[in-house]
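Here, each number is a calculation from the coordinates, and none is a lab measurement. Keep in mind it's a predicted model, so treat the numbers as computed, not measured. Ideal geometry is used to build each Cβ from the backbone, glycine not excepted, and the neighbour counts take in all protein chains shown.
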Amino acid sequence: MTGTKGKKRKLSAFWWKQLIAWHWISSAISLTGLLLFAFTGITLNHAAEIEGAPVVTEEQAVLPADLLKQVAASPDEVSDGGDWKEPLPAPVADWVGKTFGQNGSVEAEWNADEIYLPLPRPGGDGWVSIDRATGEAISEITDRGWISYLNDLHKGRNAGGVWSWFIDIFSVACLIFGLTGLFLLWLHAAKRPGTWPLVGAGFVLPAVLALLFIH
């Protein structure tokens, strides 16, 4: 009997240590993200009140003649008038990057007259257009400020695949943090009578507010 109790105690101690370890590791991983998403939860809720005026920067340049040949419209394209999507030729994409500081390697929208590169970004917008006949290129960047930037990161808007992976990993870390915290609450609830009323209030209050005030 003593041996069985000893094994149970060791097993209990093992899982207790695992629970504590997973709780603090997940909290450490998700801490910065939690602060960011909590702060941007406030800024998103008051976006109309605190959003700054957008700043628009426009630049113009002319595509060199040797590069213009790579994007010039052919007579068949002009008569057909169709639209299609494909990346810029690599030398033209490099020129866009060096001239405007914009990403020229994204998929562009082509038609008989021009090439349009949509370049949305967190906290703003951007685009480049190139006239296929003259080589005239226009770049425009719109910056809506750092609050808008953080708000877009919160929503994952135009932030790219790497940020999307971060949100997924962060979400998993938050789930582990919350579930291990729930188990810790359960283990300590006997000594803290207010535990479950507070947990219940945290669940019931949002539900009641949603039912009564959101239609």
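Helix 2-45 against the longest principal axis of the chain: what's the angle in degrees, Cα atoms only, rounded to the nearest 10? Tilt of helix 2-45: around 40 degrees.
FRET efficiency for the ALA21 to LEU187 pair, using the beta carbon distance and R₀ = 22 Å, is estimated at 0.90.
From the Kirkwood radius over Cα pairs of the chain, Stokes-Einstein at 37 °C and 0.692 mPa s returns a whole-number translational diffusion coefficient of 146 µm²/s. So what is Rg over Rh here for the range 110-186, counting just Cα atoms and using Kirkwood for Rh? Expressed as Rg/Rh, it is 1.30.
Across the chain, the relative contact order, built from alpha-carbon pairs under 8 Å that are at least six residues apart, equals 22 percent. Can you run phi through the Karplus equation (6.51, -1.76, 1.60; θ = phi - 60°) for the range 100-106 and list ³J(HN,Hα) in whole Hz, with x for Gly and Pro? Rounded to whole hertz, the list is 10, x, 9, 7, x, 8, 6. The calculated Kirkwood hydrodynamic radius for the range 55-144 is 13.2 Å, given to one decimal from all distinct C-alpha pairs.
The charge dipole of the chain, taken about the Cα centre with unit charges on the Cβ atoms of Lys, Arg (+1) and Asp, Glu (-1), comes to about 3260 debye, rounded to the nearest 20. Maximal additional length on extending the ALA13-LEU35 stretch stands at 4.7 nm, based on 0.36 nm per residue less the C-alpha distance.
The angle separating the long axis of helix 160-188 from the principal Cα axis of greatest extent in the chain is about 10 degrees. Going 7 Å from the Cα of TRP163 toward and past its Cβ, which residues in the range 113-138 have a backbone nitrogen under 15 Å from where you end up? Of the residues in the range 113-138, 119-126 have backbone N under 15 Å from the label point off TRP163.
Taking 7 Å steps out from each Cα toward its Cβ at GLU136 and LEU209 produces label points 5.3 nm apart. Specify the angular offset, from 0 to 90 degrees and rounded to the nearest 10, of the alpha carbon long axis of helix 195-213 from the longest principal axis of the alpha carbons in the chain. Computed tilt is about 40 degrees.
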